[in-house]
1. Would you mind working out the magnitude of the charge dipole of the chain relative to its Cα centre, with +1 at each Lys and Arg C-beta and -1 at each Asp and Glu C-beta, to the nearest 20 Debye?
2. Using a basic spin-label model with each label point 7 Å from the Cα along Cα→Cβ, how many nm lie between D437 and N344?
3. Looking at the P(r) of the chain, how many percent of alpha-carbon pairs lie beyond 35 Å?
4. Arrange the following residues from fewest to most other Cβ atoms within 10 Å of their Cβ: Y328, Y143.
5. For N265 and L238, what does the FRET efficiency come to when R0 = 35 Å and r is the distance between their Cβ atoms, rounded to the nearest 0.05?
6. So what's the projected area for region 14-104, the Cα convex hull averaged over all directions, in nm²?
7. Determine the calculated [θ] at 222 nm for the chain from helices alone, applying -39500 (n - 2.57) to every DSSP H run no shorter than 4 residues and normalising by the residue count; nearest 500 deg cm²/dmol.
8. Rounded to whole Å and sorted largest first, list the principal axis extents of the Cα atoms in region 209-290.
Amino acid sequence: MNQKLQEFYSQISGRNIAVIGIGVSNTPLIRLLTEHGAHVTACDKKEKAALGEVAEELEALGVSLRLGEGYLDELNAELVFKTPGMRFDHPALEKARAAGAVVTSEMEVFFELCPCRLIAVTGSDGKSTTTTLIARLLEAAGYTVHLGGNLGRPLLPDIEKIKEEDLAVLELSSFQLHTMKKSPHIAVVTNLSPNHLDVHRSMEEYVDAKRNIYAYQGEEDLLVINADNSITASFAPLAKGRVRTFGSREGNYLYTDEAHNILHNGNILLRRDEVLLPGDHNIENYMAAICAVRDLVPMEAIRRVAGSFQGLEHRLELVRTLNGVRYYNDSIASSPTRTIACLNSFDQKLILLLGGYDKHIPFDTLGEALCGKAKAVVLVGATADAIETAIRSASGFETDPPVIFRKENMEDAVAAARSFAVPGDVVVLSPACASFDLYKNFMERGHRFKRCVAALEEV
């Protein structure tokens, strides 16, 4: 056990610690804290019945539960771990700080204690695929890799298993980055566009949060950025370490030709037909990943992964072919730019299932893209009105509009798409919105879509 970790365990023993949020990332943290002698209060807006067995397990460990509407009323703790989606300046946190508490997060502590090199990925689109690709490439080269972060697996509870020669690969959200005071050795920013403006007070605040992924790097560290995105391209002059760019133009460290092959210094590194993943946006993800690991992974391993990696669930995932119609689950598409990337991944017009929770992102550009690239749209959820307005306001609506359906739930939306589709068509759940109006997360939404598609009968 390294000295930093020993000191951390010593510091938390006997201390009063509050953990906000009893979810995927914080429940293992609560277990770790109690195992090392902390007096933990777990706080969550959910009532005990909604938490189920987790609540009983934590109480059996000696954890005090503060649940329901008043869960943040009194954070009487010396150390507070906030949930990633909670604003750093929430009144309850400000009050705790004023009373002398230190406010931190699982990810901030992990960065302090991790003994191995850190590689982290952020961006608006493509984070999960790029992060997973980096991990797969490193594993193909023989490294022991610890994959986690915003992908859903907290790594702090596994800290004792991580060796100095290993590599930790993390996906980081703007919420996780907002209060970070350390940066990874290798930082990747896939792209940036308006997102999470229901939580961030402005686009500027959102971008500033993302900057923390490289703001604390040193001279030997590496920043990988998308040169085709004006926001990420602006990061280059501010970087303290090395910079590698990728994009569509020669002059970048990696770039593409008209056939979407990946080149370096005029030579093809990876041909488009060697990449199994569909969608040219995934070529950007490959460029980002290769830039990050080029010093660590031989091309033979990169080609091996490119030819076998089929992608992640909920990301242009082929669910079924029924009566000549292909059904894809792209539930991860929780912003307009992701759905536009979906539209650009196919050489034909699509039948799209759209709509969900309102993150206060404009749909104007999406409306333009749907006119001409969508055969039909089936609108569901809180943003249905706004998306329909954007479609009808688009310049292409008079000449090439999609057919518009409005439905109340996933079952009816899938049924409408199935009734409209003919052999050769492609139906895609690519909502352009978050899922929180009807579902807990995009995974639950995607699973619901897949069940509805699986239930369709052959005719």
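We did not get these values from a lab; they are worked out from the coordinates using the rules stated. Here the structure is a predicted model, which means the values were calculated and not measured. All Cβ positions, even for glycine, are placed from backbone atoms using ideal geometry, and neighbour counts span all protein chains on display.
1. On the way: 48 positive and 61 negative charges, 53 e Å.
It works out to roughly 260 debye.
2. 2.6
3. Details: 37280 of 105111 pairs.
For the chain, the share of Cα pairs beyond 35 Å comes to 35 percent.
4. Working: Y328 24, Y143 18.
Starting with the residue having the fewest Cβ neighbours, the order is Y143, Y328.
5. Working: r = 26 Å, r/R0 = 0.73.
That pair, N265 with L238, gives E of 0.85.
6. On the way: hull surface 21.2 nm².
Mean projected area of the Cα convex hull: 5.3 nm².
7. Working: 17 runs with 155 residues, N = 459.
That comes out to -9500 deg cm²/dmol.
8. Result for region 209-290: principal-axis Cα extents of 38, 25, 20 Å.
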